[in-house]
1. I'd like the full set of residues that are surrounded by 13 or more Cβ atoms within 10 Å (Cβ to Cβ), among the hydroxyl-bearing types (Ser, Thr, Tyr) and out of contact with any helix residue (DSSP H, G or I) (no Cβ under 7 Å at 6 or more places or on another chain), limited to segment 278-297.
2. Could you grab me the full set of residues in segment 132-169 that are free of Cβ contacts under 8 Å to residues at least 12 places away in the same chain and among the aliphatic types (A, V, I, L, M)?
3. Which of the numbered conditions does residue 291 fail, given that it passes all the others? Conditions: (1) in contact with a Pro (Cβ under 8 Å, 6 or more places away or on another chain); (2) without any contact (Cβ under 8 Å) to a residue 60 or more places away in the chain; (3) not charged (D, E, K, R).
4. Looking at segment 46-57 only, could you name the residues that are open to solvent by 10 Å² or more (accessible area, probe 1.4 Å) and under 27 Å from residue 85 (Cβ atoms)?
5. Suppose we filter segment 324-354 for residues that are among the small types (Gly, Ala, Ser) and touching a residue at least 40 places away in the same chain (Cβ under 8 Å); how many remain?
6. Which residue is modelled with the lowest pLDDT, if the candidates are limited to segment 18-41 and must be farther than 15 Å from residue 162 by Cα and open to solvent by 40 Å² or more (accessible area, probe 1.4 Å)?
7. Collect the residues in segment 238-276 that are closer than 23 Å to residue 350 by Cα and among the basic types (Lys, Arg), keeping them in residue-number order.
8. What single numbered condition from (1) assigned to a helix (DSSP H, G or I); (2) closer than 20 Å to residue 63 by Cα; (3) within 21 Å of the chain's Cα centre (by Cα) fails to hold for residue 372?
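The values are calculated or read from the model by the stated rules, or taken from the named source; none is laboratory data. Values in this document were obtained by computation on a predicted structure and should not be read as measured data. Reconstructed Cβ throughout: ideal geometry from the backbone, glycine too, with neighbour counts over all protein chains shown. Each accessible area value is taken on the protein alone, full model and side chains, heavy atoms only, with ligands, DNA and RNA left out. Shrake-Rupley method; radii C 1.70, N 1.55, O 1.52, S 1.80 Å.
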Amino acid sequence: MRKKIFNLFFINFFNLSLNQGINILVVILVTPILFKNLGESEYGLVNLAFSIVMVLAIVVHYGYLLNGPKRISLFKTKVEKLEFITEVISLRLVIALLISIIVYIIITLTNIFVGYEDILMFSLLILLSESLHPLFHLQGENNLSILAITNAISKLIYVGFIILLVNNPDDSFLVNLIFGGALSMVYLIYWLNFFLKSKTKFIWPNSHKIIYRIKENFEFFFSSIAGHVSTYSGIIILSNFIDDSELGKFALAQKAGILLRMIPIFIIQSVLQEASLINQNRKSHFNDYLSKFYIKGLLFTFFIGLLVTLLSKQIIIFLSGSEIGYSQEVLSLLSFIPFLAMLNFKNIIKILVEEKKIILNKAAWISTFIMIVLSLISSYYHGGKGLAIALLFSELASFIVHSILLSKSNDSK
């Protein structure tokens, strides 16, 4: 049994790592092209627009990245599973459309996004791709190899069009448009194939079912917003205190930092389904199961942090074509975020498998509030380097907050 559990973890982690490896390869291929052809300022604005859209994307996901996989893994019948999938996709599509309309109105009537309105407007296609993202389904089915395949195909299309179409700063609006378009097309083909193989039609659910899903997952949605804000809002905050050139240099380092931040998330995603089943059927083994991956995850992320720090100069030179000391220092700081995020591994798994929504909400929003305050103060006084330090302390604060609230919850039982 232990061997089977480890094999399942290894398969899931390998597939997620392969998927991230594809993303890293794309960053290696595309970043030098974009940084050179767009220049520091436009590159910074493209990443700023991307970060804004990714914050909005968590609204589109509506929390189903947190508990969707668990739901799918525990459904007893095919009919229940298909009904759940169609309702989740439908809800996401509605939310993506509403957000796009709201953003368009804001861009048209205000000057909030002055200087990069077109970039942001064309970036909204990413919301469609996020609404169609099959991760919650593939993770629930323990079929993450398909995720790597769809990601590889979409990113190949993305890289090809970037090379062909993005040649100067005037083409900056195309970058995120191409990204969202490539993903949307591949995900749409995936779902068409899925429903054909299932011999069922995608039937749009009635409004009552969509409203039911909205009510059902509101607390997970609310907490997931906080987590996403913590990941992507830093550069949005920073953009208010530095010029576009420095923003571009920070974005260069952050590009690698965000990829590294996914490592603890992969470990959580790799064990979540099995942890849910163990917690349900063999509760006495639950803590031992988590401890085994916790220690290995801490060692692995600490090693990655050291390695990236030692190679930060070479990484920045490779990505930008020149030595940028500012970006190198920021990357060295960001490289240890995965280690600090991994400290929270046990807390997050326990909260998710036991569906402690109230604790998740409290912990997520308290942590986000701390992150925003630290980021505002540090960005104001020390720019990008200050923000990087604030993000490190935010991860540590998040671990402490989750631990305290979870401990209090267990004591009150």
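1. None - no residue of segment 278-297 is surrounded by 13 or more Cβ atoms within 10 Å (Cβ to Cβ), among the hydroxyl-bearing types (Ser, Thr, Tyr) and out of contact with any helix residue (DSSP H, G or I) (no Cβ under 7 Å at 6 or more places or on another chain), so the list stays empty.
2. First, pick out the residues of segment 132-169 that are free of Cβ contacts under 8 Å to residues at least 12 places away in the same chain: 138, 143, 149, 156, 160, 164.
Once the filter is applied, which keeps residues that are free of Cβ contacts under 8 Å to residues at least 12 places away in the same chain and among the aliphatic types (A, V, I, L, M), segment 132-169 yields 138, 149, 156, 164.
3. (1)
4. 54, 55, 56
5. Quick first cut of segment 324-354, residues among the small types (Gly, Ala, Ser) only: 325, 327, 332, 335, 341.
Remaining after also requiring touching a residue at least 40 places away in the same chain (Cβ under 8 Å): 327, 335, 341.
Qualifying residue count, segment 324-354: 3.
6. So, considering only residues that are farther than 15 Å from residue 162 by Cα and open to solvent by 40 Å² or more (accessible area, probe 1.4 Å), the one modelled with the lowest pLDDT is 18.
7. 261
8. Going through (1) assigned to a helix (DSSP H, G or I); (2) closer than 20 Å to residue 63 by Cα; (3) within 21 Å of the chain's Cα centre (by Cα) one by one, residue 372 breaks only (2).
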